[in-house]
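**Student:** Okay, handing you the structure first.
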4 protein chains.
Amino acid sequence: MSNTFGDKWSFTSFGESHGAAIGGVLDGVPAGLHIDFAQIREALERRAGKRREGVSELGIEGKGVSARAQREPDEVEWLSGVKEGVTLGTPIAFIIRNKDARPEDYEYLKHTYRVGHADKVYEQKYGIRDWRGGGRASARETAARVVAGEIAKQELSAKGIAIHAQLIQVGAETDPAKFTDTIASYQREGDSIGGIIECRINGLPVGTGEPIFDKLQAHLAYAVMSINACKGFEYGTGFGGVAQPGSAINHLSGGISGGISDGSEILFRCVFKPTPSTPKAGVKGRHDACVAVRAVPVVEAMTALALVQFL
Amino acid sequence: MSNTFGDKWSFTSFGESHGAAIGGVLDGVPAGLHIDFAQIREALERRAGKRREGVSELGIEGKGVSARAQREPDEVEWLSGVKEGVTLGTPIAFIIRNKDARPEDYEYLKHTYRVGHADKVYEQKYGIRDWRGGGRASARETAARVVAGEIAKQELSAKGIAIHAQLIQVGAETDPAKFTDTIASYQREGDSIGGIIECRINGLPVGTGEPIFDKLQAHLAYAVMSINACKGFEYGTGFGGVAQPGSAINHLSGGISGGISDGSEILFRCVFKPTPSTPKAGVKGRHDACVAVRAVPVVEAMTALALVQFL
Amino acid sequence: MSNTFGDKWSFTSFGESHGAAIGGVLDGVPAGLHIDFAQIREALERRAGKRREGVSELGIEGKGVSARAQREPDEVEWLSGVKEGVTLGTPIAFIIRNKDARPEDYEYLKHTYRVGHADKVYEQKYGIRDWRGGGRASARETAARVVAGEIAKQELSAKGIAIHAQLIQVGAETDPAKFTDTIASYQREGDSIGGIIECRINGLPVGTGEPIFDKLQAHLAYAVMSINACKGFEYGTGFGGVAQPGSAINHLSGGISGGISDGSEILFRCVFKPTPSTPKAGVKGRHDACVAVRAVPVVEAMTALALVQFL
Amino acid sequence: MSNTFGDKWSFTSFGESHGAAIGGVLDGVPAGLHIDFAQIREALERRAGKRREGVSELGIEGKGVSARAQREPDEVEWLSGVKEGVTLGTPIAFIIRNKDARPEDYEYLKHTYRVGHADKVYEQKYGIRDWRGGGRASARETAARVVAGEIAKQELSAKGIAIHAQLIQVGAETDPAKFTDTIASYQREGDSIGGIIECRINGLPVGTGEPIFDKLQAHLAYAVMSINACKGFEYGTGFGGVAQPGSAINHLSGGISGGISDGSEILFRCVFKPTPSTPKAGVKGRHDACVAVRAVPVVEAMTALALVQFL
């Protein structure tokens, strides 16, 4: 069950990064939803670091920032659940074939563990390690999340609920105009840097969430913390609110009260650590100077998947 | 299902704060565990703000800090699952009767909503609001979590796994020697202040957690964020690590790699906002100047309940 | 989780038959349902074999049929979730204290296994056996099912859905007028006999059930087969339909098509074996000549709990 | 979630019978299991009615019995979870492409409902009906169950647990030597007939199953009753035992006591109704005179999937 997220809209993810394909099954989508395939493609391109639109918010040219951008044309093959662009109410299964597998890039890792990666714990846990590209642990698995999450976003959008995430900090830099340069400098040095993503949810009806364990913020935290490299989650005043007295902060609830949405904008932030496998650390192969850039559509996807469980 | 936590050790919480009783059912505990009732009592007293031991770490005298301390003698009545102090392998049901219900303290709230509380969203969601003491939303519900969590802690302890949480910040103050004075000053002013709790897990075997959605940190975040007033969760380098380059932080993983424990100490932090219902804000009745103090045993309890799901 | 039934209306059962109490928690009941406590009491009395009304359908006087009838006054103590007879939308917790525990009846079983009972497998499975009255395996556990099931029935009833079960066969006897005599003769001989219960559901809307694994009949079978002593379940034409050609039986669907209710009456049957622990088999203590009599309200309860999962 | 079976070995089924593919994802299979692909192929051929071996037990030649036999070459494409024939511990995803879609066979059904089929309730439930071949309701969906179930069977087999199902009755006929002729006569008449399948489980360790809701028989019933056309389930003495006194039947427990396996052979039976869509009933297209023949490997598959949940 550990590869399944949610029980109302149940999303099961599968696929090794260098096997035949990655993919997913999304069960629970009602019949009659019109799928916007172009929007799914756009989100996948943002995740792959290829998308000018997604990147231009940051003023970053895809090419200069991510060497991976040229390499992963994520084409979705739809297997079931959709006919002529409309959902049937049956499970939606899809795959993305792994065309661009270059195991030779990783061959030298066969007998080593990458520092800061899960290679070692995987081998300890499973006895088997698919060392090529990290197997299931690869960031590539998030492409399946993006496809499923975009479907969830489109259902939410049809109900007037909008999710928007964006990068608000890169390293110590908080001025978006300077994000491109900051990242490029780490890229040049063969190093990497962390980032903070802020996500806003608008249009969520009052009453979403449950008062005890299934608090809205608890499910958002679970969803977002399940993304690779995410090290923290906060909403409303978050950690920064610790020094504000109770008499001052009543109006900064982050849109959630007692675990339940109050009808105002929901606001949360999450932090992504820099990837530890960099040329500077002696790891060859592709490297992202700031994984937070490509995490933006994944945060939106997981947020959408968390929210549809409460519909 | 929203009042149930976990599926291996399944904990169901029930009870309104001013009804007959609160309580819980803990299903999945193996037969043969010897229950240390004194330890459960101690944790309940720490949660109730009565415990010199729990409080003395902070140098705080219970009486001066929490007016509630004198009022909630939480006596656990065991209904099933335990015979002569040993678990039977059957569901453990327990209740704590609400002896100290003083609805007259809350009578004036019948026709008002407390600022910063869930009163309003509850009424919008359910159509009914049990306005006396917040009903299910009351912090009193956490007493049941502490009982169940202590049983989980004792099972973990028998396996060599130790959980220890403590307050590390009150407002802007990070020197524990000064926490008492800081809190007392807010108490005197009829105001309140937030706090940060740090939790360390030692002895957890390598391999705890699952690589995709059921990452260890995702479940810890879910568990801790389900506690009232918790506004954020971070592990390892957390939000503070955003400005450290990838080449520098490899050794600060927080004991989790790719969602799976690596055998080293697990370290996380969480932040609790100040209660908004204070005399200063015009709300009569009991008030806690720093709810984070009493949240410490609750954080330990939820951490334990999260961990036993992976045993 | 093995003591929990259902995920929408989640019912958790607890309690050893000779511990302090048995009881349950029913989570998921909407706010505003008016509970008919008299109806719950009546169902409990039918289960206890005390109820003239329930029994008179069979023409059986409670007293003559079940020696247990005089002994179990099942008084429900409501702990949470209900205020002034109306549900709050919070978990409904209730207990029935075990006043009538007579462990001395069972003392001689301490070092023996009852033939045809689960005593032996319990000890093999758990290492501990609470030999007094069978512990959790006792039929007494079904009292908690009846309480929860009656609440479910009342919600269904409010939606126009009616469940009615009745005994249609005792041993080889199918004439209800003769059931009393048949059972009484087995009682006198210190022996026991099986029975078949038929259950009809009316008013269920078209579309209840899911087409693949969560077929309506699969969930009804699961619910009913979880009752002690139940050895079989069939719906519509059942086993008897095996010899009817396809061209003949189209109209006997039992109200379910492709796993989904079709709006007509649902009809199923289940069979209960005779209890093996009889005076004739050398087992002292109370004995029921035909457990199927008291199983009727339990079948209704489990049917109701299965159906509310699909609301 | 309604297309997912089980929570330890979680099997999600997808695919419309005349869409691109059917398939499934099996999550929870441990790493290191060697898959016997030939055995999976054999089970698929038995399900497709093509297999001499499977059929010869009945003395039936595939060709004469099922017109479908020549038409469905079920080739499994493995997408993930298996490398060089060994499981990786990651989700196993597989598809079977629908090569043989002949929608023209079903075109005339576009504006009609087949008698005794779920066509009408589907349209009422979903608003959309994929009328071509019954969509999800098609028996074709069971091919995915057979693939997943065979993997479960192989894991069980590695643990010394064997499952064997066989047809024991066709219509009123109980002599296997006469099954071929009986079925052939219904085939010739354009009619159909029901059948009873018996399933035996050997080698199951003592202690499998849980005492309250998750009784072994309840889960077997749920699994088997989820197969299309199955109208009843019984174990041990079943319905036939109703007329045997308690003093006589102690030794016929069917291998389960109080919901838990007792180490002896488990024995259950299930009944399959005849298909109602026959030439005699005016329905053109392929038709099976006795669907119970092809249900045998599906019963084994669902039994295996039910059992692995308890490992």
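The values are calculated or read from the model by the stated rules, or taken from the named source; none is laboratory data. These numbers come from a predicted model, not from an experiment. In this analysis, Cβ positions are derived from the backbone assuming ideal geometry, glycine residues included, and neighbour counts consider all displayed protein chains.
**Student:** Being in a strand (DSSP E or B) and of a type in the set (Phe, Trp, Tyr) is the filter here, so list the residues in the stretch D:215-254 that pass it.
**Tutor:** If the condition is that a residue be in a strand (DSSP E or B) and of a type in the set (Phe, Trp, Tyr), then D:Phe233, D:Tyr235 are the ones that fit.
**Student:** Of the residues that make up the stretch B:279-287, is at least one facing chain A (nearest Cβ under 7 Å), surrounded by fewer than 22 Cβ atoms within 10 Å (Cβ to Cβ), among the aliphatic types (A, V, I, L, M) and more than 21 Å from the chain's Cα centre (by Cα)? Give the derivation first.
**Tutor:** Step one: of the stretch B:279-287, the residues facing chain A (nearest Cβ under 7 Å) are B:280-281.
From the residues that got through so far, the ones that are surrounded by fewer than 22 Cβ atoms within 10 Å (Cβ to Cβ) too are B:280-281.
Applying the additional criterion that residues be among the aliphatic types (A, V, I, L, M) yields B:281.
Next, from what is left, pick out any that are more than 21 Å from the chain's Cα centre (by Cα): B:281.
Yes, there is a match, as at least one residue in the stretch B:279-287 is facing chain A (nearest Cβ under 7 Å), surrounded by fewer than 22 Cβ atoms within 10 Å (Cβ to Cβ), among the aliphatic types (A, V, I, L, M) and more than 21 Å from the chain's Cα centre (by Cα).
**Student:** Also, quick follow-up: Kindly indicate the residue of the stretch C:18-49 that is surrounded by 23 or more Cβ atoms within 10 Å (Cβ to Cβ) and assigned to a loop (DSSP other than H, G, I, E, B) and also nearest to the other protein chains (Cβ to nearest Cβ) among those meeting that condition.
**Tutor:** C:Gly19
**Student:** Can you tell me how many residues within the stretch C:205-226 are within 17 Å of C:Ala152 (Cα to Cα) and in contact with a Cys (Cβ under 9 Å, 6 or more places away or on another chain)?
**Tutor:** Count: 2.
**Student:** Hey, another quick one. Across the stretch B:167-207, what is the number of residues that are under 22 Å from B:Glu300 (Cβ atoms), within 9 Å of another protein chain (Cβ to nearest Cβ) and over 22 Å from the mean Cα position of the chain (by Cα)?
**Tutor:** 0
**Student:** Please pick out the residue among C:Arg294, C:Arg286 that is touching a Lys or Arg at 6+ places or on another chain (Cβ under 7 Å) and at pLDDT 95 or above.
**Tutor:** Step by step, each of C:Arg294, C:Arg286 is checked, and only C:Arg294 is touching a Lys or Arg at 6+ places or on another chain (Cβ under 7 Å) and at pLDDT 95 or above.
**Student:** Next up: Restricting to the stretch C:194-214, give me the number of residues that are in a loop (DSSP other than H, G, I, E, B) and buried (at least 24 other Cβ atoms within 10 Å of the Cβ).
**Tutor:** Of the residues in the stretch C:194-214, 7 are in a loop (DSSP other than H, G, I, E, B) and buried (at least 24 other Cβ atoms within 10 Å of the Cβ).
**Student:** When you look at C:Phe179, is it assigned to a loop (DSSP other than H, G, I, E, B) and buried (at least 22 other Cβ atoms within 10 Å of the Cβ), yes or no?
**Tutor:** no
**Student:** Where residues in the stretch D:4-14 are facing another protein chain (nearest Cβ under 7 Å) and at pLDDT 95 or above, which of them is farthest from C:Glu210 (Cα to Cα)?
**Tutor:** Selected residue: D:Ser10.
**Student:** Further question on the same structure: Does B:Ala101 satisfy being hydrophobic (A, V, I, L, M, F, W, C), surrounded by fewer than 18 Cβ atoms within 10 Å (Cβ to Cβ) and at pLDDT below 95?
**Tutor:** yes
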